[in-house]
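To start, the structure itself, in structure tokens.
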Amino acid sequence: LPSVLCLGDCQLQTPCRIQKCTTDFVSLTSHLNSAPERFDLEFCKALRAYSACTYRNSKVCRGNLVYHSAVLGISDLMSQRNCSKDGPTSSTSPEVTHDPCNYNGHTEATEHQAGGKTPGTTYAFCGLFGDPHLRTFKDHFQTCKVEGAWPLIDNNYLSVQVTNVPVVPGSSATATNKITIIFKSYQDCTDQKVYQAVTDDLPAAFVDGTTSGGDGNTKSLRIVEKVSGKYIEMHAKYIGTTVYVRQLGHYLTLAIRMPQELVLAYEESQDLQLCVNGCPSSERIDDSGHLPLPVMGPLLPQGGAAHHQSVYTLETATTKCHEKILVKDIYFHSCVFDLLTTGDTNFTAAAHTALQDVEALHPRKEQWHIFPSSGNHVVVKGRKVFVSLGLICLILVAFL
């Protein structure tokens, strides 16, 4: 008798998991729409997975009425949908449930369904700051004039336009004083939302007064204020995109990270995008990343009385920028250029935070820093000025 009782107790210690089988089936089919042609295919795959789960639990659930009801229900559904007993099955892992308003969750589910062999999401970064300096999605660095309104991004999901105005009289350098961002309506995730920032007005809300898009619980699109009137972040979960907007001095900066496949989702007529294709050659100030440093010293900015009117030389500008930017990369050189051009120390902070935004958003650490390639222009290195090999040759010829 003790042996029989032990056998009964031991069997009861292994629970019937029919409820887990049913929960997984509901999870796999709850997002299916009866309209698409693939409904029957996906529904049959889920039914076969449900059937396999009940079979694995057949011994421990043989006295469970819910189990027997489930087995009969599966058989009826397979007959109604003309499902074959043999064929592919859906994964019963709840993690693969597709949330259309969570881009990262969707790609993770796709990767899981492919057995983990699908490469993860590839992200791209674009940034604009200073006079203005542009870092494209292809990691090309340019300094441009682009006065007036220009599109940075214009694809099927997002539009970003900036307006640039002259910084100082007598110089072709401009800076950004207005940014307009349009998050286009997407399924049930969000209605169209428009954000606009101008100098001295960096709101923490969209133009309609809201701070988020989509369902109030999930908030697939939201604005987060980091520093009142100076720094906001926008997180668009449904397209896996993050945007930073800052005001430094009288001008605005922008940084954005977006999935590469969405960056490339645009029509042929939308090819004028500075973040994608860079500035037109006629609008370039730099030459392959090299900045033509002002020869006559700085010019006072418009309304210069409101700024520090200290005169920067190449040496003092270099020293000032080195206080904030230790690595003498293109951000450091941009800082020197901006100080010599404008005399406005706020551009030092702009270059510094632009580099911080790269470190926060750029997906590849080894590409955070960009260094000018060798060329026929002066490149600032510490307190020395290295002249190109071509100029040295000319000097040697003169002495021969």
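The values are calculated or read from the model by the stated rules, or taken from the named source; none is laboratory data. Predicted, not measured: the structure shown is a model, and the values here were computed from it. So basically every Cβ, Gly included, is an ideal-geometry build from the backbone, and we count neighbours across all protein chains shown. Just so you know, the surface numbers come from the protein's heavy atoms only, side chains and all, with ligands and any DNA or RNA stripped out. Shrake-Rupley method; radii C 1.70, N 1.55, O 1.52, S 1.80 Å.
A few remarks follow.
- For the range 174-229 and the range 326-363, distance of Cα centres in Å: 26 Å
- Within the accessible area of the range 17-81, the carbon and sulfur atoms contribute 54%, probe 1.4 Å, all protein chains present.
- Residues of the range 17-81: accessible area per residue with a 1.4 Å probe, Å²: 62 Å²
- Counted residue by residue at 0.36 nm each, then reduced by the alpha carbon distance between them, the extension gain from Thr29 to Leu326 reaches 101.4 nm.
- ³J(HN,Hα), Karplus 6.51/-1.76/1.60, whole Hz, each residue of the range 67-74, x for Gly, Pro: 4, 5, 5, 5, 4, 5, x, 5
- Trp368 sits with roughly 50 Å² accessible to a 1.4 Å probe, with DNA, RNA and ligands left out of the calculation.
- Net charge contributed by nearby residues that have their C-beta within less than 12 Å of Thr143 (K/R +1, D/E -1): -2
- Site pair Asp76 and Glu268 shows an inter-label distance of 5.6 nm when each label is modelled 7 Å from Cα along Cα→Cβ.
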